[in-house]
Amino acid sequence: QVRPVESGGGLVQPGDSLRLFCAVSGRPAVGWFRQPPGKEREFVAAISWRGARTSYTNSVKGRFTISRNSAKDTWFLQMNNLRPEDTAVYYCATRENTGGDLLYTRAAEYESWGQGTQVTVSS
């Protein structure tokens with residue numbers, strides 16, 4: 001499976017917005033995870049391969065939106081009202097569709113990972 005490629009990270013102030021991009025071919029289920037400094041990797045958001053189903057960790061609900069542009073093989077994580085605790089390396093992960101419009105929230109369920117993109121929220 002082709003490895004996804006993330007982009008869009010950067011340094012922003014609290015309350016700002018950022019959009020992360022994940023480029024990957026095919027029609028996989030996609031998840032975003034993050035690893036804050038000194039902490040374990042954690043689930044952020046996921047979308048099924050058809051895009052009909054989404055899931056978010058509680059701390060980002062109402063602020064982050066996962067979506068896709070299937071025509072361009074690009075998935076997005078729109079992050080609004082960013083907080084210092086959102087600072088982390090963000091990873092895109094993919095899993096090939098095996099039937100059913102499924103999404104996955106556990107890291108072990110994904111097959112391919114990107115290299116990560118740094119998001120820093122600081123005043």
Search result, residues across segment 1-56 that are aliphatic (A, V, I, L, M) and under 12 Å from residue 75 (Cβ atoms): 5, 20, 23, 24, 29, 30, 45, 46, 47
Total residues in segment 21-60, condition at pLDDT 95 or above and at positive phi: 1
Filtered residue count, segment 16-42, keeping only those that are under 17 Å from residue 94 (Cβ atoms), open to solvent by less than 40 Å² (accessible area, probe 1.4 Å) and of a type outside the set (Val, Ile, Thr): 9
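The values are calculated or read from the model by the stated rules, or taken from the named source; none is laboratory data. This structure is a prediction, so every number in the text was calculated from the model and none was measured. Note that each Cβ is placed from the backbone with ideal geometry, even for glycine, and that neighbours are counted across all protein chains shown. Ligands, DNA and RNA are stripped out before the accessible areas are found, and what is left, the full protein with its side chains, is counted by its heavy atoms. Shrake-Rupley method; radii C 1.70, N 1.55, O 1.52, S 1.80 Å.
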